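One structure below.
The values are calculated or read from the model by the stated rules, or taken from the named source; none is laboratory data. In this text, all values refer to a predicted model and were calculated from it rather than measured experimentally. Glycine gets a Cβ as well: all are built from the backbone with ideal geometry, and neighbour counts include every protein chain shown. The area values use the complete protein model at the heavy-atom level, side chains included, leaving out ligands, DNA and RNA. Shrake-Rupley method; radii C 1.70, N 1.55, O 1.52, S 1.80 Å.
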Amino acid sequence: MIEISVKAGHAHKQRDDAVIIPLLDGRKLSESGKTLQEATGKSLPSFLRKFDLSGKFGETATLYDIEGTYSQRIVLLGAGDEKKLTLQKLRGLAARVAREIDRSGARDISLYLPELVVRGTSVAERVQAIAEGVWLGLYSFEKYKSKQEENKRALRSVTIMVASRRDLDDATAAVARARAVAAGTNFARDLGNEPGNVCTPEFLGDQAASLSHNKLKVTVMDKKAIQKAGFTALLAVNQGSAKEPRFIVLEYNGGKKSEAPVALVGKGLTFDAGGISIKPGAQMDEMKFDMCGSAAVLGIFKSVIELNLPINLLGVIPATENLLGSAAYKPGDIITSYKGITIEVLNTDAEGRIILSDALAYAAEKKPAEIIDFATLTGACVIALGGQASGLLGTGEPLKKALKQSGDYTHDRVWELPMFEEYQEQIKSEIADIRNIGGREAGTITAACFLSRFVDDIPWAHLDIAGTAWNMKGSDICAKGGTGAGVRLVVDYLSRKVA
């Protein structure tokens, strides 16, 4: 990760390779731009008159060797209508300009974005959003390219400029928070982007163990230990794979010993071919992303450790492949889960909820304060919400309300779907306790109804990230591929919980 620091000072006095100044709609200069204009005489107003630069969001223009400044470049960055600015737009602006500068040859830059007014936000909040934007926007996954072009003039450092020295302490703390959040998000992205022949259940266990910390205990159960523990639903889904499953437990003890932990449960399907109910061939390669729920859990733990949050966390990850080997489980099979609930299998491609049944029941046994699970669970959620929000369902009303608040704040958004009692009827089985699909109607909801049978009376929130876990188009703050969905959302939720 590149270096990001904070500083106070005038734009014309900075000696970095580039100084980035916001320009608002209608060619309106920000405060730093006005100061720069006074220091440079007629250069800036003359440029604005002669060139077609309006201040439209995201557009840039570079001025070189302006008399009266020490920097090689002055970059005017369009910020659009200031009344419409949000923290997410600040993240996007920072990400865009960081990528552009990274290609331009400027190694060290000063960024004056915090002076932009975002209604209801503090300087520290704007600084955090900007730092997140830089680190998230510069992320790329090129590990497996045999020939990588070396950028000898890549961006090396960013100085985020604040208006007053009084803001420096808060801004510095904000950068530290942003670094932890970005590190966790990018770690989750890395895990999601790994190919299925690398990111196996064993690999996920190794990645969990790599988070080693004096407040963290990691237990990785192999197949023999899983059999002994009685995680029979996980074993059933694993039957068709030559790769052994793993059951991963993380215990972070940052809070008081007497405090019940928050449990985070993540679906770890490292590759999902659908089993006997095989998926169509088109885009099946993207099923390497079916473990993004587990990636979110591991990313959150990474961020929490770096932030040293005073909280207790329990992480539970059931990890396996879902393939078509000769021993694969079949439609019509009956599985007895870890909790003792029997499951009629009508579709082997509805396997995520099956392995989560063991993980949720195990987590509930530990009597946590609440449970949050993350799963790329249903195509129905993609149809309902697209890639703009994760589905939110569950039984803990205060928990769900707080997650909505954090989702709106981080732009890692959620949208709640109902869980009326009538939906439970769809998963009733004639020959077992429940069946693993409830038909075409309300697929996301009936999947959550299935999971609800395994969480007891503990406040619980289910996040269906099937539409948000990866994005093959990319966005301002995310390259194509894994997005790290859920990490920024829940780290913010946990941070507010202990504030």
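A count restricted to region 135-155 and to residues that are aromatic (Phe, Trp, Tyr), closer than 24 Å to Ala94 by Cβ and in a loop (DSSP other than H, G, I, E, B) stands at 2.
Among the residues of region 274-283, write down those that are surrounded by fewer than 24 Cβ atoms within 10 Å (Cβ to Cβ) and of a type in the set (Gly, Ala, Ser). Of everything in region 274-283, those that are surrounded by fewer than 24 Cβ atoms within 10 Å (Cβ to Cβ) and of a type in the set (Gly, Ala, Ser) turn out to be Gly274, Ser277, Gly281, Ala282.
Lys83 fulfils the conditions (1) closer than 26 Å to Ala176 by Cβ; (2) part of a helix (DSSP H, G or I); (3) among the basic types (Lys, Arg) except for a single criterion, (1).
Restricting attention to region 202-249, the residues that are part of a loop (DSSP other than H, G, I, E, B) and surrounded by 14 or more Cβ atoms within 10 Å (Cβ to Cβ) add up to 11. Residues in region 322-364 that are touching a residue at least 60 places away in the same chain (Cβ under 8 Å), among the basic types (Lys, Arg) and more than 18 Å from Ser294 (Cα to Cα): Lys339 only. With a requirement of 1 or more residues that are open to solvent by 50 Å² or more (accessible area, probe 1.4 Å) and of a type outside the set (Val, Ile, Thr), the helices (runs of 4 or more DSSP H) lying completely within region 379-496 that satisfy it span 379-385, 397-410.
Take Ala359 and tell me if it is in contact with a helix residue (DSSP H, G or I) (Cβ under 9 Å, 6 or more places away or on another chain), among the hydrophobic types (A, V, I, L, M, F, W, C) and assigned to a helix (DSSP H, G or I). Yes.
Screening the candidates Leu269, Leu307, Leu324, Leu264 for the property of being open to solvent by 40 Å² or more (accessible area, probe 1.4 Å) and touching a helix residue (DSSP H, G or I) at 6+ places or on another chain (Cβ under 6 Å) yields one hit, Leu307. Within region 105-144, the residues that satisfy the criterion of being over 24 Å from the mean Cα position of the chain (by Cα) and of a type outside the set (Gly, Ala, Ser) are Arg107, Asp108, Ile109, Leu111, Tyr112, Glu115, Leu116, Val117, Arg119.
Taking the stated definitions as given, is Thr172 touching a helix residue (DSSP H, G or I) at 6+ places or on another chain (Cβ under 9 Å), hydroxyl-bearing (Ser, Thr, Tyr) and in a helix (DSSP H, G or I)? Yes: the conditions hold for Thr172.
Within the set of pairs 6+ apart or on separate chains, which have a first residue in region 134-162 that is open to solvent by less than 50 Å² (accessible area, probe 1.4 Å), a second that is polar (S, T, N, Q) and part of a strand (DSSP E or B), and C-beta atoms under 6 Å apart? Matching pairs, first to second residue: Thr159/Ser5; Thr159/Ser110; Met161/Ser110. When Glu370 is tested against (1) of a type outside the set (A, V, I, L, M, F, W, C); (2) in contact with an Asp or Glu (Cβ under 9 Å, 6 or more places away or on another chain); (3) within 30 Å of Lys256 (Cα to Cα), only condition (2) is not met.
For region 53-75, the candidate set comprises residues that are free of Cβ contacts under 8 Å to residues at least 24 places away in the same chain and surrounded by fewer than 17 Cβ atoms within 10 Å (Cβ to Cβ); within that set, the residue that is farthest from Leu85 (Cα to Cα) is Asp65. Filtering region 376-401 to residues that are in contact with a Lys or Arg (Cβ under 7 Å, 6 or more places away or on another chain) and over 30 Å from Pro280 (Cβ atoms) leaves only Gly394.
For beta carbons closer than 6 Å, sequence separation of 6+ or different chains, a first residue in region 262-285 that is under 18 Å from Asn347 (Cβ atoms) and a second that is in a loop (DSSP other than H, G, I, E, B) and polar (S, T, N, Q), the qualifying pairs are Gly275/Thr348; Ile276/Thr348; Ser277/Asn347; Ser277/Thr348. Among the numbered conditions (1) closer than 23 Å to Gly396 by Cα; (2) touching a residue at least 12 places away in the same chain (Cβ under 8 Å), the only one that Ser258 does not meet is (2). Here Glu286 passes the criteria (1) closer than 20 Å to Ala447 by Cβ; (2) out of contact with any helix residue (DSSP H, G or I) (no Cβ under 6 Å at 6 or more places or on another chain); (3) open to solvent by 20 Å² or more (accessible area, probe 1.4 Å); (4) part of a loop (DSSP other than H, G, I, E, B) except the one numbered (4).
Against the list (1) open to solvent by 70 Å² or more (accessible area, probe 1.4 Å); (2) modelled with pLDDT of 95 or more; (3) not charged (D, E, K, R), the condition Ala183 fails is (1).
Looking across region 380-395 at every residue that is small (Gly, Ala, Ser) and closer than 21 Å to Ile317 by Cα, the one that is nearest to the chain's Cα centre (by Cα) is identified as Ser390.
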